[in-house]
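The values are calculated or read from the model by the stated rules, or taken from the named source; none is laboratory data. This structure is a prediction, so every number in the text was calculated from the model and none was measured. Note: ideal-geometry Cβ built from the backbone for every residue, glycine included; neighbour counts use all protein chains shown.
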Amino acid sequence: MSNCDLCVVRNRAICASLDAKELEVLNSIGRTRKVGPGESLIWEGEDSVLVANVIEGVLKLSTNTEDGREQIVGVVYPSDFIGRPFGGKSGHGVTALTDAKVCVFSRRDFDAFAREHPKLEHKLLERTLGELDRTRRWMLLLGRKSAPEKLASFLVETVERLGGSGCGADGDKPGQHQLILPFSRQQIADVLGLTIETVSRQFTRLKNEGVIDLPSRRVVTILDFEALVAEAG
């Protein structure tokens with residue numbers, strides 16, 4: 001069996017529209033790669049030499065200011081596509097936040113394959129437009145939302161994006177979710193443009209109000225998802 005046959009995100013990734021023969025060709029130009037927390041896959045400002053599908057794990061998209069400060073500009077989850085097809089330089093770095101597995105392609109090989117398969121190009125366009133929508137929502141979050149709304153929005157999106165990967169719903173208790181965060185408190189603060197003290201205060205407030213529970217630093221039990229959504233504005 002090929003890597004594509006065994007892929008757990010096969011039906012959600014950009015290659016979902018391809019038939020068996022097309023997948024066989026795609027599989028021949030790709031390879032799976034494991035990356036550990038803190039390991040970079042793509043570097044900001046470098047020529048775009050590879051693209052990849054995320055199979056497992058969570059990675060961050062980040063850029064650096066002139067004085068060396070890092071700003072996390074996005075997060076990618078299983079089934080997301082990373083890299084810049086059709087040339088150009090990478091506008092941001094891509095670094096693993098957790099243990100991750102990706103399906104990596106040479107950008108030139110992938111570009112040639114995509115040009116011959118309009119369905120794949122169409123999926124790329126859909127993904128690009130979806131990413132544009134998420135970026136616009138992120139601009140609203142960073143520019144207009146208060147600290148409570150920011151953290152609540154972040155938790156809601158993490159639940160929705162991770163789905164069954166790292167987030168499980170308790171069937172006996174509707175509205176509750178167990179979420180294993182792939183982020184430290186400092187990383188959450190960096191993503192949201194807040195201080196770590198503000199993030200910690202907001203977690204404590206949500207716990208005191210009965211919206212969440214905090215069994216550990218990386219585990220959040222969402223007790224009332226509807227209330228969290230309302231908090232997100």
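Points worth noting:
- The listed residue being more than 30 Å from Leu181 (Cβ to Cβ) and either of a type outside the set (A, V, I, L, M) or not assigned by TED's automatic domain parsing to the domain that holds Phe183 (or both), out of Leu50, Leu26: Leu26
- Annotation for the stretch 89-102: no member residue is surrounded by 14 or more Cβ atoms within 10 Å (Cβ to Cβ), more than 17 Å from Glu46 (Cβ to Cβ) and more than 19 Å from the chain's Cα centre (by Cα).
Residue by residue, here is whether (1) under 28 Å from Leu140 (Cα atoms); (2) modelled with pLDDT of 90 or more; (3) among the basic types (Lys, Arg) holds:
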site	(1), (2), (3)
Arg31	no, yes, yes
Asn53	yes, yes, no
Gly83	yes, no, no
Gly87	no, no, no
Phe105	no, yes, no
Arg108	no, yes, yes
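- Residue list for the stretch 194-228, filter: loosely packed, with under 15 Cβ neighbours inside 10 Å, under 19 Å from Glu157 (Cβ atoms) and either charged (D, E, K, R) or touching a helix residue (DSSP H, G or I) at 6+ places or on another chain (Cβ under 7 Å) (or both): Leu214, Arg218, Glu226
- Considered as a group, the residues in the stretch 4-15 that are surrounded by fewer than 16 Cβ atoms within 10 Å (Cβ to Cβ) and not in a loop (DSSP other than H, G, I, E, B) include one that is modelled with the highest pLDDT, and that residue is Leu6.
- Residues being in a loop (DSSP other than H, G, I, E, B), under 24 Å from Gly193 (Cα atoms) and touching a strand residue (DSSP E or B) at 6+ places or on another chain (Cβ under 6 Å) - total across the stretch 67-122: 4
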